[in-house]
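Student: Take a look at the following structure, please.
The values are calculated or read from the model by the stated rules, or taken from the named source; none is laboratory data. It should be emphasised that the depicted structure is a prediction, and the values quoted were computed from it without experimental measurement. Cβ: placed from backbone, ideal geometry, glycine included. Neighbour counts: every protein chain shown.
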Amino acid sequence: MNYALHEVLEVHEMAAFKTTCLTKSKTMKALVSDQKLKDIMQQDIDVSTRQLQEFTSILSNARH
Amino acid sequence: MNPIIQNITGMNALSDQVVAMDLLISAKSGVRNYAMAVTESGTPEVKEILTRHLVEALDMHEQISSYMVEKGWYHAWDTNEQINLDLNNINTALNLPSL
Amino acid sequence: MDNQKLAAHESLDLHEVINFKTLCVAKSKLMQGLVFDNDLRALMQKDVDQSIKALGELQKIYERAPFEAPVPESRPTPIVN
Amino acid sequence: MNNDHLDPINSLNVPELADTTFAMDFLLRAKEGVRNIAVALTESASPDVRALLRNQLLQGIAMHQEITELMVSKKWFHPYELSEQYQLDQLSAKNTIMIGNMNLFPADMNRKGIFDRTPDEHK
């Protein structure tokens, strides 16, 4: 394991948080009518998706 | 909110305003959570990723808050106006029939 | 039950709190040499006494950390430069 | 170490003890600072305030990184070897408790009366 324990725990927390955010944005986007709000939410989905992929690589490196 | 889904789900109270507010609160918690995480990390690679995410979370927070200001759902500079809006929203939530 | 090992995240939080409390004791003790007001000084000493007690309790729990190790008399590798 | 604060035996290893303590204080302050600015940022709406805070936030993170690296290189902080860190935590707690129990300032420290005039005015 090449990361410090406290970092891994912190990344784990962030991953859990971001996962719920992404789920919420994805499902709630269907419920809104305003186009601009839809755009912002789509952007949030894109950014969160990329961030979660980065977390995946850190977390799988940290696994031992 | 989309009227068809509104009728299917019976969630006609879940307006764009509520969704936007939820997004704002999430963005806010995101920034705070990232600030905690950044100050706990020491490995440069992890720190760099978390710092970048923090900046992105800040951008998202900025976008959603200015959107809400524009829509008149968020009165950052007018406390009275904000309080009136809050009270209105509280009432809407309180009077919501639970399914 | 009392000797059960702690979880990783609790142990790290304990590390934070112990260092924070240690600094509180050191600051409240040494700042007493700087303050003028005797009441303030007395309050700082009260904080020192309370914090010492708290720190002792924390140290006891900290012994159950998974990465616990025998503590030497003084620092094993003194700072030379 | 004993409880006599004038005993020279107690000055053994004092520089490293002081440096580790102050560095740890510095690190915690940097950490607290970053978190405070982040919270402040989520509460501010004016573009100029946000720009200022954002700069300071990044600066604070960089400072936090520098302190962390310094402390790791000086072996004052062991994020990767937790047993080492454990020993350090317990030792500094023990030493500080000893200092806390000393009677460091036995005399009355109230020097208030001597600040109401310059030396020339003393009659």
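Student: May I ask you to list the residues in region A:15-44 that are surrounded by 13 or more Cβ atoms within 10 Å (Cβ to Cβ), under 16 Å from B:VAL31 (Cα atoms) and not basic (Lys, Arg)?
Tutor: Matches in region A:15-44: A:ALA15, A:PHE17, A:THR19, A:CYS21, A:LEU22, A:ASP44.
Student: Here's a follow-up. Select from region B:67-92 the residues that are more than 17 Å from D:SER44 (Cα to Cα) and surrounded by 14 or more Cβ atoms within 10 Å (Cβ to Cβ) and write down the one among them that is nearest to the other protein chains (Cβ to nearest Cβ).
Tutor: Filtering first and then ranking leaves B:LYS71.
Student: If you scan region A:23-55, which residues turn out to be β-branched (Val, Ile, Thr), more than 17 Å from B:MET60 (Cα to Cα) and in a helix (DSSP H, G or I)?
Tutor: Selection gives A:THR27 alone.
Student: Okay, moving on. Filtering region C:55-70 down to residues that are assigned to a loop (DSSP other than H, G, I, E, B) and without any contact (Cβ under 8 Å) to a residue 60 or more places away in the chain, which residue is farthest from D:ASN101 (Cα to Cα)?
Tutor: Across region C:55-70, the extreme among qualifying residues is C:PHE67.
Student: Which of the residues that make up region A:1-55 are aromatic (Phe, Trp, Tyr) and at pLDDT below 90?
Tutor: A:TYR3
Student: Restricting to region C:13-54, count the residues that are more than 7 Å from every other protein chain (Cβ to nearest Cβ), assigned to a helix (DSSP H, G or I) and either of a type outside the set (Asp, Glu) or touching a strand residue (DSSP E or B) at 6+ places or on another chain (Cβ under 7 Å) (or both).
Tutor: Summing the residues that are more than 7 Å from every other protein chain (Cβ to nearest Cβ), assigned to a helix (DSSP H, G or I) and either of a type outside the set (Asp, Glu) or touching a strand residue (DSSP E or B) at 6+ places or on another chain (Cβ under 7 Å) (or both) in region C:13-54 gives 18.
Student: Another question, then. Pairs needed: first member in region B:11-23, under 19 Å from B:GLN63 (Cβ atoms) and β-branched (Val, Ile, Thr); second member anywhere, part of a loop (DSSP other than H, G, I, E, B) and at pLDDT 85 or above; C-beta distance under 6 Å; at least 6 residues apart or different chains.
Tutor: Short answer, once both residue conditions are applied: B:VAL19/A:VAL32.
Student: Taking interchain pairs and intrachain pairs at least six residues apart, which have beta carbon atoms under 8 angstrom, with the first residue in region A:38-64 and within 12 Å of B:ILE49 (Cβ to Cβ) and the second among the basic types (Lys, Arg)?
Tutor: Close Cβ pairs (under 8 Å, with a partner that is among the basic types (Lys, Arg)) amount to A:GLN51/A:LYS18; A:LEU52/A:LYS18; A:PHE55/A:LYS18.
Student: Here's a follow-up. D:PHE105 - would you say it is under 30 Å from C:ASP49 (Cβ atoms), surrounded by 13 or more Cβ atoms within 10 Å (Cβ to Cβ), in contact (Cβ under 8 Å) with a residue 12 or more places away in the chain and aromatic (Phe, Trp, Tyr)?
Tutor: no
Student: To continue, here is another question. Can you tell me which residues in region B:13-39 are surrounded by fewer than 22 Cβ atoms within 10 Å (Cβ to Cβ) and not in a helix (DSSP H, G or I)?
Tutor: B:ALA13, B:LEU14, B:SER15
Student: Same structure again: Looking only at region D:43-98, how many residues end up being β-branched (Val, Ile, Thr), at pLDDT 90 or above and closer than 30 Å to B:TRP77 by Cβ?
Tutor: 1
Student: Can you tell me which residue within region D:77-102, out of those that are of a type in the set (A, V, I, L, M) and either within 7 Å of another protein chain (Cβ to nearest Cβ) or free of Cβ contacts under 8 Å to residues at least 12 places away in the same chain (or both), is farthest from C:LYS60 (Cα to Cα)?
Tutor: The extreme case among them is D:ILE99.
Student: In the set D:GLN59, D:GLN90, which member is over 19 Å from the mean Cα position of the chain (by Cα) and either among the β-branched types (Val, Ile, Thr) or in a helix (DSSP H, G or I) (or both)?
Tutor: D:GLN59
The rows are residues; the columns are (1) out of contact with any Ser or Thr (no Cβ under 6 Å at 6 or more places or on another chain); (2) surrounded by 13 or more Cβ atoms within 10 Å (Cβ to Cβ); (3) away from chain B (no Cβ under 11 Å); (4) more than 19 Å from B:GLU62 (Cβ to Cβ).
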{"site": "D:VAL14", "(1), (2), (3), (4)": "yes, no, yes, yes"}
{"site": "D:ALA30", "(1), (2), (3), (4)": "yes, yes, no, yes"}
{"site": "D:ALA38", "(1), (2), (3), (4)": "yes, yes, no, no"}
{"site": "D:ARG54", "(1), (2), (3), (4)": "yes, yes, no, no"}
{"site": "D:LYS75", "(1), (2), (3), (4)": "yes, yes, yes, yes"}
